[in-house]
Each structure stands twice: as C-alpha cells, then as structure tokens.
Amino acid sequence: MKLFIEAITKYLIGLVLVFVLIFVPAGSLKYYNGWLFIGLLFIPMFIAGIVMLIKNPVLLKNRLNAKEKEKDQKVVLIISSVMFISGFVIAGLNYRYKWMELPNIYVIISSIMFIISYVLYAEILRENSYLLRTIEVKKNQKLVDTGLYGVVRHPMYLITLTLFLSMPLILGSPISFIIFLIYPVVIIKRIKNEEMILERELKGYKSYMKKVKYRLIPYIW
C-alpha cells in the first residue's frame, strides 16, 4: 500500500505538471495534440505501473527512485529537466501563436513510433529487473546480455531517445523538436559516465563490452 501511494502520487504530480506546462502556454483546451500526447504517455505508464506493482514491486520501487549520487549525473538531470520544461512550454506557445505548423502525417508517424518504443521499453524492463533511474550497481546484481542487450549495451537509452524525440512531433512543434535535440548529447555524456561505473563495479561488464561492441546504435556508436 505504501508503494502504491508513492507511485500514484508521483504519477498524478507528473500528469498535472505536464498538463500545466502544455495547456497553460497554449491558452486553450482545444490543443488536441496536447491531449494526444498526454494519452500516449500516461495511459501506458499507468498500465505499466500496475503490472510492476503486482508482478515486480521491487522494480517499481527502484524506478521511482530518481535521486542521483553521481555529480555528473546531477548535471545531466538538470539539463534534461530544463529541456522538458522549455520544450513543452514552447509547444504550447507554438499552438497559441501558430509559429510553425507540422503536417498531420508527421504527428501520426511519431505517435506510432512512440507506441512501438513503449512496447520495447516494457520488454527491456522484463529482461532487466535491475534497471534503475539512477546510476548505481545493486548488491548481487547480475549482468544481462541477452535479448536487446545482445544488440547494444544500452537499449533503454536507445528507446528513450526515440521516445523523447517523438514527443515534440506528437505535440506538432518543430521548434520543440530542435530543443529536444539536446537529449542525444545528454545521453552520450550519461552513458560514458555510467560505463565507467559499471566497468568498475559490475562483475563481467568488461567482457560484455568486448562481446557487444556498440553502446547505443548498431554499427554507429
């Protein structure tokens, strides 16, 4: 019950925050791209939370913890927060003042990409129950090298990359998309720092790095 209350509280805070950041700048509840985005983001999130609460409450508890210990990662978290806030606000303002309109085909394609990414996100959580929102190695943590982890070393970051870059397009804001291009740079910095920690603290990670050569995108990096 305590975990449920914590999870639902953070969920509702996130929902209200995103709603305010999008619809207040938009100045209207007729911003249908905003409703589409909120539905695509929060309905699967609610379902995933319920499934984790029932089947793997430890994973849910780990995913709720967002307090970074590493100094470099705190900087990454701040930059990401600024990116999200400014991106959502600009999307709302873009709707209000009609700065740049995006054809509906891009919104549809981005929505499909978002849903596919969410499904893959759920698969990664199923494969790796040690996944945290913070960078640390848990006691008795085992190395996962199967499934998507056999393709790239950080499939979760690859999926979040497609999720986040599709968000501003779902909102119909090319300007917000440009703002969200900060995220790939942030991800690269985070991965480099994370791999230093995993190489030092997670047994077998050095061998895994030799086995799976690519960090984020196959044949590229």
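The values are calculated or read from the model by the stated rules, or taken from the named source; none is laboratory data. Because the structure is predicted, anything quoted here is derived from the model rather than measured. A quick note on method: Cβ atoms are made from the backbone with ideal geometry, for glycine too, and the neighbour counts reach across all protein chains shown.
Key figures
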read-out	value
3 or more residues modelled with pLDDT of 85 or more, of a type in the set (Asp, Glu) and surrounded by fewer than 12 Cβ atoms within 10 Å (Cβ to Cβ): qualifying helices (runs of 4 or more DSSP H) within region 1-104	none
Pair list, Cβ under 9 Å, 6 or more apart: region 119-131 residue closer than 14 Å to ALA48 by Cα, other residue among the basic types (Lys, Arg) and at pLDDT below 80	LEU125/ARG63
Total residues in region 145-156, condition more than 13 Å from PRO218 (Cα to Cα) and either touching a Leu at 6+ places or on another chain (Cβ under 8 Å) or in contact (Cβ under 8 Å) with a residue 60 or more places away in the chain (or both)	2
Residue check for SER111: out of contact with any Pro (no Cβ under 6 Å at 6 or more places or on another chain), crowded, with 17+ Cβ neighbours inside 10 Å and in a helix (DSSP H, G or I)	yes
Output for region 183-221, where each listed residue is closer than 12 Å to VAL76 by Cα, among the hydrophobic types (A, V, I, L, M, F, W, C) and buried (at least 16 other Cβ atoms within 10 Å of the Cβ)	VAL186, ILE187, ILE191
Total residues in region 185-218, condition polar (S, T, N, Q) and farther than 29 Å from LEU165 by Cα	1
Matching entry among VAL75, VAL107 (being of a type outside the set (Ser, Thr, Tyr) and touching a Lys or Arg at 6+ places or on another chain (Cβ under 9 Å))	VAL75
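Yes/no matrix, rows are residues, columns are (1) of a type in the set (D, E, K, R); (2) crowded, with 20+ Cβ neighbours inside 10 Å; (3) at pLDDT 90 or above:
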| residue | (1), (2), (3) |
| --- | --- |
| ARG126 | yes, no, no |
| LYS138 | yes, no, no |
| HIS154 | no, yes, no |
| THR162 | no, no, yes |
| PRO168 | no, yes, yes |
| LEU171 | no, yes, yes |
